[in-house]
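Quick notes on the structure that follows.
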Ligand code: BG6
């Protein structure tokens, strides 16, 4: 099965933080992949900008190295790589002093191409960059700006950042990336819900017992000391990725895939989340921090050892969330995410209610309630667990089996990285998979009281051994309700 690639219009792509980690690991490889897929029209240019003093050639070498390290060997072709690096140029820019912006203006010249500024820099620089772009006359024409998380560390700081960018760019020009929305399987969630008549009638509290969303990682701190220790899992993963997944599961059917139609529905969910504050937070949330243990077959250090100092930052969080609306009243959404867990797996489990009455004898065995497991990564796929009669003689014996759709087995297509899809959407001007200002702020309005309560109640992070599923309190959180965490497919 092949999919048709529709080229986008020519564009100038300016990466602030052009020599940084994100550019190296994600942006340059993603742009290269889109070039080899035939999605570029000419002239398409990529300009790196950062404080380092680099020549164009040195930036091209940086890109060659990035592709060598982050693109599979069979996808690296010498002629394509040379075509790609020929698009690159580099301008040293100091976002604070404004030095270099005139050079950027010269480089852009009278280009009529779509222009995207990608801010792969610390959020503290968002405002300076936006202001300098305006001051140097670089905001006219068909221009977009892309910003990465963290968009703030609280509602107030998110507000200030949004104001700083919003004072220069209109909302329709601002693309706030949540790379989870670019993942194939996350988009597939929308296809599953809204391109099938099957699920929608059951998608509510009458038929669904609860929902679990797990984003488990095996990696640890990964050299992100200065950022991560100030953030922690709640800000790093729940405020954005986990809540976005929750929204896609819980939202009402939007009238179309139009950006605002989808984002309006997500916003309603964020605003319907019941506040977990004061006394509830210690009961409904679990904080954890990994201690020394084993991961991927080897011994690993604990978080504090990696960090080099004691810290109370959480590397694991579990939350029992509830949505106060008609569809979801009484249906808990159990969220858990953490680093150095037993397995790298992201999945959404929809647990249906049991049949109301069994017509079978005890000898038939137990009727297990249906479960839909949407596996986001790795081994993307969907499993719908159903009951059948165990084949063969022996009378009526019931058995649970999965209707199993593994994407890798079913489709022979390359699974593009989330950034490939999202960057092309920026160029197309399609904001459906990007967060609107009010969504980001509504998410912080839910997160802030949890953070406040943790602080007030001195809700310390509980230790868990690296390579396990987190603190035992996380198991207790769900088992208290007579339910258990799903243990992978
Ligand atoms: C990022 C977080 O947004 O997502 C990281 O900052 C995390 O801490 C990463 O590791 C996970 O992304 P993925 O695509 O590997 O699941």
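Considering every residue within segment 189-202, establish whether at least one is without any contact (Cβ under 8 Å) to a residue 24 or more places away in the chain, surrounded by 20 or more Cβ atoms within 10 Å (Cβ to Cβ) and away from the ligand (no atom under 14 Å from the Cβ). No, that holds for no residue. Counting only residues that are surrounded by fewer than 23 Cβ atoms within 10 Å (Cβ to Cβ) and near the ligand (Cβ under 8 Å from one of its atoms), segment 239-251 holds 1 of them.
State yes or no: is residue 95 assigned to a loop (DSSP other than H, G, I, E, B), surrounded by 22 or more Cβ atoms within 10 Å (Cβ to Cβ), in contact (Cβ under 8 Å) with a residue 40 or more places away in the chain and in contact with a helix residue (DSSP H, G or I) (Cβ under 7 Å, 6 or more places away or on another chain)? First the steps, then the outcome.
On the way: assigned to a loop (DSSP other than H, G, I, E, B): yes; surrounded by 22 or more Cβ atoms within 10 Å (Cβ to Cβ): yes; in contact (Cβ under 8 Å) with a residue 40 or more places away in the chain: yes; in contact with a helix residue (DSSP H, G or I) (Cβ under 7 Å, 6 or more places away or on another chain): yes.
Against the criterion (assigned to a loop (DSSP other than H, G, I, E, B), surrounded by 22 or more Cβ atoms within 10 Å (Cβ to Cβ), in contact (Cβ under 8 Å) with a residue 40 or more places away in the chain and in contact with a helix residue (DSSP H, G or I) (Cβ under 7 Å, 6 or more places away or on another chain)), residue 95 qualifies.
Do we find a residue being farther than 16 Å from residue 239 by Cα, in contact with a helix residue (DSSP H, G or I) (Cβ under 8 Å, 6 or more places away or on another chain), part of a loop (DSSP other than H, G, I, E, B) and without any contact (Cβ under 8 Å) to a residue 24 or more places away in the chain anywhere in segment 324-332? Working first, answer last.
Taking segment 324-332 as the starting set, the residues that turn out to be farther than 16 Å from residue 239 by Cα are 324-332.
Then drop every residue that is not in contact with a helix residue (DSSP H, G or I) (Cβ under 8 Å, 6 or more places away or on another chain), which leaves 324-325, 327-328.
Now drop any that are not part of a loop (DSSP other than H, G, I, E, B), which leaves 324-325, 327-328.
Now restrict to residues that are without any contact (Cβ under 8 Å) to a residue 24 or more places away in the chain: none.
Looking through segment 324-332, none of the residues is farther than 16 Å from residue 239 by Cα, in contact with a helix residue (DSSP H, G or I) (Cβ under 8 Å, 6 or more places away or on another chain), part of a loop (DSSP other than H, G, I, E, B) and without any contact (Cβ under 8 Å) to a residue 24 or more places away in the chain.
Working only within segment 365-405, note down all residues that are part of a strand (DSSP E or B) and over 35 Å from the mean Cα position of the chain (by Cα). Show your work before the answer.
Pass one, segment 365-405, residues part of a strand (DSSP E or B): 371-377, 381-389, 398-405.
Across segment 365-405, the qualifying residues are 388, 389, 398, 399.
Looking across segment 353-380 at every residue that is touching a strand residue (DSSP E or B) at 6+ places or on another chain (Cβ under 6 Å) and within 16 Å of the ligand (Cβ to nearest atom), the one that is modelled with the lowest pLDDT is identified as 377. Considered as a group, the residues in segment 140-179 that are in contact (Cβ under 8 Å) with a residue 60 or more places away in the chain and in a strand (DSSP E or B) include one that is farthest from the ligand (Cβ to nearest atom), and that residue is 144. Screening segment 214-238 for residues that are near the ligand (Cβ under 10 Å from one of its atoms) and assigned to a helix (DSSP H, G or I) and picking the one that is surrounded by the fewest Cβ atoms within 10 Å (Cβ to Cβ) gives 227.
Being crowded, with 20+ Cβ neighbours inside 10 Å, more than 30 Å from residue 284 (Cβ to Cβ) and in contact with a helix residue (DSSP H, G or I) (Cβ under 9 Å, 6 or more places away or on another chain) holds for only one residue in 435, 424, 396, and it is 424.
Being touching a residue at least 40 places away in the same chain (Cβ under 8 Å) and surrounded by fewer than 21 Cβ atoms within 10 Å (Cβ to Cβ) narrows it down to one residue among 341, 307; which is it?
Details: 341 fails: surrounded by fewer than 21 Cβ atoms within 10 Å (Cβ to Cβ).
Testing whether each residue is touching a residue at least 40 places away in the same chain (Cβ under 8 Å) and surrounded by fewer than 21 Cβ atoms within 10 Å (Cβ to Cβ) leaves just 307.
The values are calculated or read from the model by the stated rules, or taken from the named source; none is laboratory data. Since we're looking at a predicted model, the values are computed, not measured. Heads up, the Cβs are rebuilt from the backbone with ideal geometry, glycines too, and the neighbour counts pull from every protein chain shown.
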